[in-house]
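Structure, as structure tokens:
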Amino acid sequence: MSYERVAAIVRHEWLGLRRNRQVLGGLAVLPILLTLFVVGFSAWGSNANPGSMNNGGSTPSELMGAPVTVQLVVQLNEMFEFFFLVMPASYPLIIAATSIVQEKKAKSLEPLLASPITTTELLVGKSVAAVLPSLVMCWGGVALCAAGLYFLAPPLVLAFFIRPAWVVAMSLLTPLLASLAGLLGVSVSSRATDEKAAGLWATLLMTVVFLLPCGLLISGRLLSLWALLGGALSVAALNWLVLRVAVRVFQREEILTRGANT
Amino acid sequence: MIRTRGLGRRFGDRVAVEGLDLHVERGEVLGLLGPNGAGKTTTVRLLSALIAPSAGSAWVNGHSVVEDAQAVRRSTGILTETPGLYDKHTAVENLELFARLYAVEKREQAIQRELERVGLWERRAEPVGQYSKGMKQRLAFARALLPEPPVLFLDEPTSGLDPENARNVRRIIGELQASGSTIILCTHNLDEAERLSTRIAILKRTLVTSGTARELRGAGQRNVVRLQLAAIAEDLESELNTLPNVQGVERVDDRHIEVKLTQPQVDKPALVRHLVGLGVRVQLMRDVQPSLEDVYLSVVEGVPSPQANGQADT
């Protein structure tokens, strides 16, 4: 595999995406909202009247004794963190699912396939191009949240927000989930004949991609580092498998000669 | 440079190309002619390693299209039937992608060279979606030339171009040929094929005939002479039709007739003698050369139509 050719595809896709303000705006909305929620609630909660909230059985031991509003903020932040985790997996699926079907429509795939690029390079390039923007926005949002919490919230809130398990999940699991979504997207796109069909299949597959982070959420804060690393390894293996399948189902000839067959 | 042996391709139970034997030398321009559905596009796709043959074999620039498809793609440039450009990208960005994919050295200079060559350098920063049809065609042509491939496949290169730009494209093709590029030119424009090609191949699912334009016209000789007369009497046609060596007579206009002879070299003096004997003043006589169109139509009409056999448009 030539990384130069993969980079050429990524660069080319990014140039196209950069000019599509609607897509860029759509990618930016959720990270901005989440950042505002996390920082806003944390700042408000840390200064609010503690009120009367009982420490339930699900409260982590580290929070015992903390003001109830801080406990509430931490628990709310966990919910927002889940969105940060799954967000980069949802957008790439939609972007990648239309990437090849659009090329088929514009008939730009034939000159591309006549070039020295291999199917693997093309699919990896398209997938990475779909993943990077949302991943960058997600990580940017998380960094802004951490900065906001550092200045506006008690240290306990920040400590929970950047706890090791969560940092590992964001830096390892999130990109792998996003990459899986991107690969599934390009697989769908290579088989689809129009954008609507690609979009429908992408939505269906999104639920599958979400199963893993949902599982993590259900297991809640009890996630150990080892469990996360194991999960990341499984998703990495899944990525490899999906790439192999995607290359196999990408029928160069059928794409080019569909008209001749009918 | 290009060699095929019994090359064939089926799509399901439909035969697009069969038993194709071609040999194109370095520096040749082969004009590939044929009706719609004759297999021209399929042949180009086979030779550019976009699709695999279902029979036979082919080598391009010394590489097998089956065993070394990647090397074939590296040494070929293709102008497809439709430009297939990225409308939201500029001309430079469109070319930059391909320059990177083909690992073109001195990328920026190469892009400038090709855009200047096709007259688009001044419009390089505009999104291609704003280009006219002809400009898109020129940009797609520039994209095919960018890696300076030894072998070029050009499908209707002057389609949609105004006369000035069509002439420029033809000039570039001439320059490429002079520099040693091997070109396969698919076209329905017979005049263009005749002007640009060193050899012409007429395809109708398989190779029907090939040769230089002169050879093809020679093979299509119809043994017809055209006579310019001072005047044509009413009964002249019927009079000439009675001659044993005349197969047919056709009045072209008030002063010209065409006569089909059995053996022109022998029969022409006898014909002139007969006309003089009838008191007709013969001002000029010349052989009628069939046009490439005449040859093409006679060749194509003599072969069963692919459509009749259920062929798709390939």
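Considering each of B:Gln70, B:Gln109 in turn, give the residue that is more than 21 Å from the chain's Cα centre (by Cα) and within 18 Å of B:Leu145 (Cβ to Cβ).
The match here is B:Gln109.
For the range B:1-45, how many residues are part of a strand (DSSP E or B), among the basic types (Lys, Arg), touching a Ser or Thr at 6+ places or on another chain (Cβ under 6 Å) and away from every other protein chain (no Cβ under 12 Å)?
Of the residues in the range B:1-45, 1 are part of a strand (DSSP E or B), among the basic types (Lys, Arg), touching a Ser or Thr at 6+ places or on another chain (Cβ under 6 Å) and away from every other protein chain (no Cβ under 12 Å).
Under 7 Å between Cβ atoms, at least 6 apart or on separate chains: pull out the pairs that start in the range B:190-215 with a residue that is surrounded by fewer than 17 Cβ atoms within 10 Å (Cβ to Cβ) and end on any residue that is among the basic types (Lys, Arg).
As it stands, the answer is B:Arg195/B:Arg170; B:Gly211/B:Arg199; B:Thr212/B:Arg199, since those pairs meet every condition given.
Of the residues in the range B:46-57, how many are within 18 Å of B:Cys186 (Cα to Cα) and assigned to a strand (DSSP E or B)?
0
For the range A:114-133, enumerate the residues that are among the hydroxyl-bearing types (Ser, Thr, Tyr) and within 14 Å of chain B (Cβ to nearest Cβ).
Of everything in the range A:114-133, those that are among the hydroxyl-bearing types (Ser, Thr, Tyr) and within 14 Å of chain B (Cβ to nearest Cβ) turn out to be A:Ser115, A:Thr118, A:Thr119, A:Thr120.
Among the helices (runs of 4 or more DSSP H) lying completely within the range B:63-135, list those that include at least 1 residues that are more than 9 Å from chain A (Cβ to nearest Cβ) and among the aromatic types (Phe, Trp, Tyr).
Helices (runs of 4 or more DSSP H) meeting the threshold: none at all.
Does B:Val295 satisfy the criteria of being modelled with pLDDT under 80, under 24 Å from B:Ile184 (Cα atoms) and assigned to a loop (DSSP other than H, G, I, E, B)?
When the stated conditions are applied, B:Val295 does not pass them.
Let me spell it out: the conditions are (1) buried (at least 16 other Cβ atoms within 10 Å of the Cβ); (2) touching an Asp or Glu at 6+ places or on another chain (Cβ under 6 Å); (3) not acidic (Asp, Glu), and B:Gly129 meets all of them except one. Which number is the exception?
(1)
Name the residues in the range B:226-240 that are hydrophobic (A, V, I, L, M, F, W, C) and surrounded by 11 or more Cβ atoms within 10 Å (Cβ to Cβ), would you?
Passing the criteria: B:Leu227, B:Leu229, B:Ile232, B:Ala233, B:Leu236, B:Leu240.
Suppose we filter B:Arg123, B:Arg199 for residues that are closer than 22 Å to B:Val24 by Cα and of a type in the set (Lys, Arg); which single one remains?
One residue alone meets the criteria, B:Arg199.
Per-residue answers, yes or no, for (1) among the basic types (Lys, Arg); (2) at pLDDT below 90:
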{"residue": "B:Gly6", "(1), (2)": "no, no"}
{"residue": "B:Arg9", "(1), (2)": "yes, no"}
{"residue": "B:Val17", "(1), (2)": "no, no"}
{"residue": "B:His23", "(1), (2)": "no, no"}
{"residue": "B:Gly31", "(1), (2)": "no, no"}
{"residue": "B:Ala38", "(1), (2)": "no, yes"}
{"residue": "B:Thr42", "(1), (2)": "no, no"}
{"residue": "B:Leu47", "(1), (2)": "no, no"}
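Answer with yes or no whether A:Arg191 is modelled with pLDDT of 85 or more, more than 17 Å from A:Ala89 (Cα to Cα) and basic (Lys, Arg).
Against the criterion (modelled with pLDDT of 85 or more, more than 17 Å from A:Ala89 (Cα to Cα) and basic (Lys, Arg)), A:Arg191 does not qualify.
Every residue in the range B:135-158 that is farther than 21 Å from A:Ile117 by Cβ and more than 13 Å from the chain's Cα centre (by Cα), please.
Selection gives B:Met135, B:Lys136, B:Gln137, B:Arg138.
Out of the residues in the range B:46-62 that are surrounded by 20 or more Cβ atoms within 10 Å (Cβ to Cβ) and within 14 Å of chain A (Cβ to nearest Cβ), which is nearest to A:Leu109 (Cα to Cα)?
B:Leu50
I'm trying to understand the selection: among the residues of the range B:99-119, which are surrounded by 15 or more Cβ atoms within 10 Å (Cβ to Cβ), within 28 Å of A:Glu121 (Cβ to Cβ) and of a type outside the set (Val, Ile, Thr)?
Of everything in the range B:99-119, those that are surrounded by 15 or more Cβ atoms within 10 Å (Cβ to Cβ), within 28 Å of A:Glu121 (Cβ to Cβ) and of a type outside the set (Val, Ile, Thr) turn out to be B:Ala99, B:Arg100, B:Leu101, B:Tyr102, B:Arg107, B:Ala110, B:Gln112, B:Arg113, B:Glu114, B:Leu115.
If I ask for residues that are at the interface with chain B (Cβ under 9 Å from one of its Cβ atoms) and within 24 Å of B:Ala91 (Cα to Cα), which ones from the range A:1-50 would you list?
A:Glu4, A:Arg5, A:Ala7, A:Ala8, A:Ile9, A:Arg11, A:His12, A:Leu15, A:Gly16, A:Arg19, A:Asn20
Which of the residues that make up the range A:129-159 are out of contact with any Pro (no Cβ under 8 Å at 6 or more places or on another chain), of a type outside the set (A, V, I, L, M), assigned to a helix (DSSP H, G or I) and crowded, with 17+ Cβ neighbours inside 10 Å?
Across the range A:129-159, the qualifying residues are A:Pro133, A:Trp139, A:Cys145, A:Gly148.
Got a sec? Which of A:Thr207, A:Thr193 is within 30 Å of A:Glu254 (Cα to Cα), in a loop (DSSP other than H, G, I, E, B) and either out of contact with any strand residue (DSSP E or B) (no Cβ under 8 Å at 6 or more places or on another chain) or not β-branched (Val, Ile, Thr) (or both)?
After ruling out the rest, the residue left standing is A:Thr193.
The values are calculated or read from the model by the stated rules, or taken from the named source; none is laboratory data. Given the structure is predicted, the values throughout are model-derived calculations rather than measurements. Neighbour counts are summed over all protein chains in view; Cβ atoms, including those assigned to glycine, are modelled from backbone coordinates with ideal geometry.
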